[in-house]
Amino acid sequence: MNERNQKILDQVHEKLIVSCQALPDEPLHSSFIMGRMAYAAKLGGAAGIRANTVEDITEIRKTVDLPVIGIIKKVYEDEPHVYITPTMAEVDALAEAGCEIIAMDATCRKRPGGVDLADFFKEVRAKYPEQLFMADCASIDDGMTAAELGFDLIGTTLAGYTDYTKGAKVPPYSMIKYLIHNSGKPVVAEGNISTPEMLRHAMDMGAWTVVVGSAITRPFEITKKFVQALED
C-alpha cells in the first residue's frame, strides 16, 4: 500500500466516521445542509465522513478536510437492489471528486447489466489501482469474498438489508468479529450502531473504524424513537 493510502487509513484508525446523507424524500435533503452536518461532526470529533453524491461531497469539502468515504446511490431498473455505487459511471464520478475511499455494494447479488462483483471489481481495480475501495457487505461470505477480490476495507454496512440476511441480528457483532480475525483486511463496523456503547463494543472487538449515521444525522428517525417511548 502506498504512503498516502496508509496515512488515510491511519487517520480513521480507532476513530468515528459519521455518515452524512439525506435522500430526496427526507427533510434534510440539501447539499448545503449535509455540508453543515459534516462540519458539526468534525467539530464533535469525527475523523471521517461518509457521504452520498458528488454534489454533497463537493459541498462538504468546502468546510471539512477529513477523509471522505464516497458513494453514489443510484437505482437501475434491471437490478434495483444493488444501488450503492453500482456501475463504473458512479466510480468514475467519485474518483473525479477526489474521494479518499470509494464504497460500493459488495454483496453476492448481480449488478446492473447482470455483471457479477468479481468481474466488475477487476475492471475497477485495473482502472484505479491506487484508489482505496471499501466493500459494503451483508454477510461473512460477502466479506471474505471481497477481501479475496482485493478490496482495501471490509464493511458490514448491508447486514440485515438483503434477502439472504433479512432478520439477522444487528449490529452484526459475530460478522464483525469473524471478519476481523479472518479477512486480513481492516474491518469497518457499520450498520445499526446507534449508541456510544455499541460503538465502543465494536471498537473493542478490533474494528478498524466505526461508521455511525442515523443515530447522529437523521433527526426525524431519532425523534420517532423518543415518540415511540411515549406510546409504549
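The values are calculated or read from the model by the stated rules, or taken from the named source; none is laboratory data. The structure presented is a predicted model; accordingly, all values stated were derived computationally and were not measured. Positions of Cβ are generated from backbone atoms using ideal geometry, with glycine treated the same way; all protein chains shown enter the neighbour counts. Ligands, DNA and RNA are stripped out before the accessible areas are found, and what is left, the full protein with its side chains, is counted by its heavy atoms. Shrake-Rupley method; radii C 1.70, N 1.55, O 1.52, S 1.80 Å.
Matching residues to (1) in contact (Cβ under 8 Å) with a residue 60 or more places away in the chain; (2) under 15 Å from the mean Cα position of the chain (by Cα); (3) open to solvent by 10 Å² or more (accessible area, probe 1.4 Å):
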| site | (1), (2), (3) |
| --- | --- |
| LYS73 | no, yes, yes |
| TYR76 | no, no, yes |
| HIS81 | yes, no, yes |
| THR85 | no, yes, no |
| MET104 | no, yes, no |
| ARG109 | no, no, yes |
| GLY114 | no, no, yes |
| LEU117 | no, no, yes |
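Among the listed residues THR217, THR162, identify the single one that is open to solvent by less than 10 Å² (accessible area, probe 1.4 Å), hydroxyl-bearing (Ser, Thr, Tyr) and out of contact with any His (no Cβ under 9 Å at 6 or more places or on another chain).
THR217
Mind listing whichever residues of region 119-147 are under 19 Å from the mean Cα position of the chain (by Cα), over 16 Å from MET1 (Cα atoms) and either open to solvent by 20 Å² or more (accessible area, probe 1.4 Å) or polar (S, T, N, Q) (or both)?
Residues satisfying the conditions are SER139, ILE140, ASP141, MET144, THR145.
Which numbered condition trips up MET1, out of (1) free of Cβ contacts under 8 Å to residues at least 60 places away in the same chain; (2) under 17 Å from LYS185 (Cα atoms); (3) of a type outside the set (Ser, Thr, Tyr)?
Of (1) free of Cβ contacts under 8 Å to residues at least 60 places away in the same chain; (2) under 17 Å from LYS185 (Cα atoms); (3) of a type outside the set (Ser, Thr, Tyr), only one is false for MET1: (1).
Sort out which residues of region 1-18 are open to solvent by 10 Å² or more (accessible area, probe 1.4 Å) and within 15 Å of GLY213 (Cα to Cα), and write them in order of number.
Matches in region 1-18: LYS15, LEU16.
Run ILE154 past the list (1) modelled with pLDDT under 95; (2) touching a Leu at 6+ places or on another chain (Cβ under 6 Å) and report the number of the one that doesn't hold.
(1)
Does region 89-97 contain at least one residue that is of a type outside the set (A, V, I, L, M) and farther than 27 Å from MET37 by Cβ?
Scanning region 89-97 turns up no residue that is of a type outside the set (A, V, I, L, M) and farther than 27 Å from MET37 by Cβ.
Considering only region 36-51, I want to know if a residue exists there that is within 15 Å of VAL188 (Cβ to Cβ), of a type in the set (A, V, I, L, M, F, W, C) and open to solvent by 50 Å² or more (accessible area, probe 1.4 Å).
Among the residues of region 36-51, not one is within 15 Å of VAL188 (Cβ to Cβ), of a type in the set (A, V, I, L, M, F, W, C) and open to solvent by 50 Å² or more (accessible area, probe 1.4 Å), which makes the answer no.
Can you name the number of the only condition in (1) exposed (fewer than 13 other Cβ atoms within 10 Å of the Cβ); (2) modelled with pLDDT of 95 or more; (3) more than 20 Å from THR85 (Cβ to Cβ) that ILE180 fails?
Result: ILE180 passes all but (1).
Please identify the pairs in which a residue from region 160-189 that is closer than 22 Å to LYS15 by Cα and assigned to a helix (DSSP H, G or I) has its Cβ atom under 6 Å from the Cβ atom of a residue that is β-branched (Val, Ile, Thr) and open to solvent by 30 Å² or more (accessible area, probe 1.4 Å), counting only partners at least 6 apart or on another chain.
MET175/ILE140; TYR178/ILE140
Considering region 55-70 alone, what residues qualify as being open to solvent by less than 70 Å² (accessible area, probe 1.4 Å) and either of a type in the set (Lys, Arg) or without any contact (Cβ under 8 Å) to a residue 40 or more places away in the chain (or both)?
Matches in region 55-70: ASP56, GLU59, THR63, VAL64, VAL68, GLY70.
Quick check on ALA22: is it out of contact with any Lys or Arg (no Cβ under 7 Å at 6 or more places or on another chain), within 19 Å of ALA93 (Cβ to Cβ) and touching a residue at least 24 places away in the same chain (Cβ under 8 Å)?
So ALA22 passes the test.
Examine region 4-13 for a residue that is in contact with a helix residue (DSSP H, G or I) (Cβ under 8 Å, 6 or more places away or on another chain) and at pLDDT 95 or above, and state whether such a residue exists.
Within region 4-13, none of the residues are in contact with a helix residue (DSSP H, G or I) (Cβ under 8 Å, 6 or more places away or on another chain) and at pLDDT 95 or above.
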